[in-house]
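The values are calculated or read from the model by the stated rules, or taken from the named source; none is laboratory data. If you're wondering where the values come from, they're calculated on a predicted model, not measured in any experiment. When we count neighbours, we look across all protein chains shown, and the Cβ atoms used for this are built from the backbone with ideal geometry, even at glycine. Keep in mind that these areas ignore ligands, DNA and RNA; they rest on the heavy atoms of the full protein, side chains included. Shrake-Rupley method; radii C 1.70, N 1.55, O 1.52, S 1.80 Å.
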Amino acid sequence: MNKTTVVAKRELLYVWPFGVCAWLCGLVFIDRYSADKAKTAMSNAMEKLKKDNIKLWVFPEGTRRNTGVIHEFKKGAFHVAIQAQVPVLPVVFSSYQTFLNDKLRILNSGEVIIEALPEISTVGMTYNDIEKLMEKTRHLMSEKFKENTREIQMKKKNSLTVN
């Protein structure tokens, strides 16, 4: 994780003291309500990150909803990866439904599996390849998400049976 930064929604910049600390640490803030501003921010950030060899951590779903599936991806991260001709490194977090319930505002102890998949090259890809790259990445991530989530659910089920 050496030399890594994250993309975050611009609204977080105004959450005291997190926003100031995040800005000082080099987070890339994007305006989710203006596609043009978001693209410009991402492009500007990518040039600096590429020059300084810094990795960019992007959450292509936007805000993760705790529904047990990986939702459709937004194009921004893939557009930037193709523009910069840098690989996409999918990182999958298993579901956290076994210990977090948003509606009931319940957070218990639990376990999450985080797994990095093999990187996906963007060398030679163009803007016309964005949809294909998004679909390939989402498919690989969804399959791993399901597999890791099943593993977590089995562990929880087994621990409940033992107790």
Point to revise | Val80 being open to solvent by less than 30 Å² (accessible area, probe 1.4 Å) and in contact with a Ser or Thr (Cβ under 9 Å, 6 or more places away or on another chain) | key: yes
Study note, to complete from the structure: When every residue in the stretch 75-85 that is in contact (Cβ under 8 Å) with a residue 40 or more places away in the chain and assigned to a helix (DSSP H, G or I) is compared, the one farthest from the chain's Cα centre (by Cα) is Gln83
**Study point:** Unique residue being open to solvent by less than 50 Å² (accessible area, probe 1.4 Å), touching a residue at least 60 places away in the same chain (Cβ under 8 Å) and either more than 15 Å from the chain's Cα centre (by Cα) or under 23 Å from Ile30 (Cβ atoms) (or both) when the list is Thr137, Thr122
**Key:** Thr137
Review point. Which members of the stretch 19-39 meet the condition of being part of a helix (DSSP H, G or I) and either closer than 18 Å to Leu49 by Cα or open to solvent by 100 Å² or more (accessible area, probe 1.4 Å) (or both)?
Key: Ala22, Trp23, Leu24, Asp36, Lys37, Ala38, Lys39
Review point. Which one of these is free of Cβ contacts under 8 Å to residues at least 40 places away in the same chain and not in a helix (DSSP H, G or I): Glu72, Glu111, Glu131, Glu115?
Key: Glu115
Point to revise | Restricting the stretch 140-163 to residues that are modelled with pLDDT under 85 and either in a helix (DSSP H, G or I) or under 28 Å from Lys74 (Cα atoms) (or both), the residue that is least open to solvent (accessible area, probe 1.4 Å) | key: Ser159
**Study point:** Test: Thr67 is modelled with pLDDT under 85 and loosely packed, with under 13 Cβ neighbours inside 10 Å
**Key:** yes
